[in-house]
1. Can you tell which of B:Asp210, B:Asp193, B:Asp238, B:Asp231 is closer than 16 Å to B:Asp112 by Cα and loosely packed, with under 15 Cβ neighbours inside 10 Å?
2. Could you tell me whether any residue of the range A:88-99 is surrounded by 22 or more Cβ atoms within 10 Å (Cβ to Cβ), touching a residue at least 40 places away in the same chain (Cβ under 8 Å) and not basic (Lys, Arg)?
3. In the range A:47-79, which residues are assigned to a helix (DSSP H, G or I) and either small (Gly, Ala, Ser) or modelled with pLDDT of 95 or more (or both)?
4. What are the residues in the range A:106-123 that are touching a Phe, Trp or Tyr at 6+ places or on another chain (Cβ under 7 Å) and either in contact (Cβ under 8 Å) with a residue 40 or more places away in the chain or at positive phi (or both), if any?
5. Within the range A:214-246, work out how many residues are in contact with an Asp or Glu (Cβ under 7 Å, 6 or more places away or on another chain) and among the aliphatic types (A, V, I, L, M).
6. Where residues in the range B:88-116 are within 8 Å of chain A (Cβ to nearest Cβ) and not charged (D, E, K, R), which of them is surrounded by the fewest Cβ atoms within 10 Å (Cβ to Cβ)?
7. Does the range B:127-149 hold any residues that are small (Gly, Ala, Ser), at the interface with another protein chain (Cβ under 10 Å from one of its Cβ atoms) and either within 14 Å of B:Val192 (Cβ to Cβ) or assigned to a helix (DSSP H, G or I) (or both), and which are they?
8. Go through the range A:19-46 residue by residue and tally those that are in a helix (DSSP H, G or I) and without any contact (Cβ under 8 Å) to a residue 60 or more places away in the chain.
Amino acid sequence: MEQLADAPGTPMSSRWIEAHGRQSTIITAIFARAGFEPIAPPVIQPADLFLDLIGEDLRARTYVFTDPDGAELCLRPDLTIPATRLYLDRFGETGRPARFSYNGVVFRYQRGGGTLARPREFSQAGIESFAPDNPAQAEAEILALSAESIRAAGLRAFTFRVGDLGIFNALLDAIDMPERWRAQLSHHFWQHAAFRRQLQKLMKPEEFGRALAEPLFQAIEAARRGTIRHGDAVVALEQHLERQGLVVAGTRTLDEIAWQLEGLAADLKSPPLDPRAALLLDAYIKLATPARAAPDAIRALLKGTTIDIEPALARFEERLRLCAQEGIDMADAPFSGGFGRQFEYYTGFVFEILSPLLGEEEPLAGGGRYDRLVEAIGAPSPVTAVGSAIHTDRLLLAVRGGRP
Amino acid sequence: MSDVTTDKLVLAVPSKGRLMEETAQLFARGGLKLARTGNDRGYRGELQGLPGVEVAFVSASEIADLLRKGEVHLGVTGEDLLRDLIPEAETDVEFLKALGFGHADVVVAVPDFWIDVSTMSDLEEAALLYRRRHGTRMRVATKYRTLTRMFFSGHRYGGEARSVDTVSMYRIVESLGATEGAPGAGLAELIVDITSTGSTLKANSLRVLDDGIILKSEANLVMSRRAAWTDETLALKDAVLGSLG
């Protein structure tokens, strides 16, 4: 017999459906009262955009398909990107402030069809604020509204977990190193093992060396030193490839290759990353402390160095203060330096809301600051953005003490 | 579960090509003749000399699927397909014996003129710049989605535990045939594909990365842990394995 039942983890009882509906009404009313405009982006989205913008974990779990016209599409695995597309569509030109809310289903593959706490299709109720006049205030407000919604849904016991990619980026900017090393480290933030490995490599850059044939090597070296133009190095590369009989094809350009070679040549000449700086970055990534103690813990790490990231630390403190003003006491929330959620579009403050029942692996809500997403989708310049989404099926599960 | 209802042992073997011929020769060396029943084009057969074994002739990739679902007891197919189609292979199947034929490597290959890229670490760097320049991730053409994902995120088959270079700034585009032509045709920037002599890669101006061998694959006799096993079928499994010496 073929199994015809729904996937495990799909709650089917009418009591559940009614309770979920009531919960949605409560949450969307809170969002509306706070002045967020409800939107309903399409469920079917262009695959390319999502696959390019989300992290590896989610990429592997996105339902992608080709329609009869040959278009590559996906079932939205999240609503932040569709909301951002809508913002770009309406206000991309002007960059004016906008506040959106949504309550809709998203889809993520789960092995074996999923579980109650990890269903493959579930609802997200969320809010996104674009180009807010006061970004720190917007962060506090979004966090507070998420917490208020969870409380109004009937859950009393929940906790926060926070991180701040703004502090990490400030640290990277303040440490002396070539710009391309910064880009590499920043890119590896979400995979801690890879991040540490990159740090180790940067401490001994001579190992980067490539044996390059003369006269190409001379040309690359000269371009690196600035004695010839980059364009001349590209020509030297082209001649080299022709001599070697190597076919040039595809989308990757000779310009990119010459650029990489110049970077590698520069690495060979660069002084290695200061081991103290590497230790500092490693210590920051590992840092785990209550939020209120985080700025001083970071200051302690920086003691004896000339590195100054006071503005980023002050922003963190200001945010805690604003949250307290909104009635959310974040002082005891665990902060970790390496916490960035598994979405590579975050650029600043990030948070998750956890229940004792489901724990850290299955947060009830999460969000943060993503200042580069609007630009990545097509805006002419970066637009400040902050948002949060509640996993309403998980929330209901937590409210019902785990009963389906 | 239609196939596993009797005390017969169902053995899936490749339905055509070199893999089928070599499988037949393998059993022949053990004194068993792989024969089709009914007309010659049938998809059912038997192992003459070992009553109780029912043979299913199916495509190599389908064999992995049948083993994963437990719809056959045993199967002969390439490790590449098994590892790719059964992400958690160890829980669903047991590799009984490497069979010494069907050798091929699953590799990461890039256009030969990328002289700045010879390792996975170089690839990640090149991919970062590519993303900044083109606004999209580099595309990897492959039919091996799982193997690619696992390898690029740091998993190493054969279990070297040391830390390895990962690549994350990429996306997979599915390729169901002639993968090696994808970069030349502008459909992808690089590929993950199978190679035995390397000549097809060479003909397409592609080169394997120094640390880009994902899996050294060969044909394996594999047992499904999900199939319904009885004392009779277990004994038959031992007999099949025993005949292979």
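The values are calculated or read from the model by the stated rules, or taken from the named source; none is laboratory data. Predicted model, so just to flag it, every value in this text is computed and none were measured. Cβ atoms come from the backbone with ideal geometry, glycine included; neighbour counts cover every protein chain shown.
1. Of the residues listed, the single one that is closer than 16 Å to B:Asp112 by Cα and loosely packed, with under 15 Cβ neighbours inside 10 Å is B:Asp210.
2. No, the range A:88-99 has no match at all.
3. Selection gives A:Ala47 alone.
4. A:Phe107, A:Tyr109, A:Arg120, A:Glu121
5. 6
6. The residue in question is B:Ile115.
7. B:Ala127
8. 5
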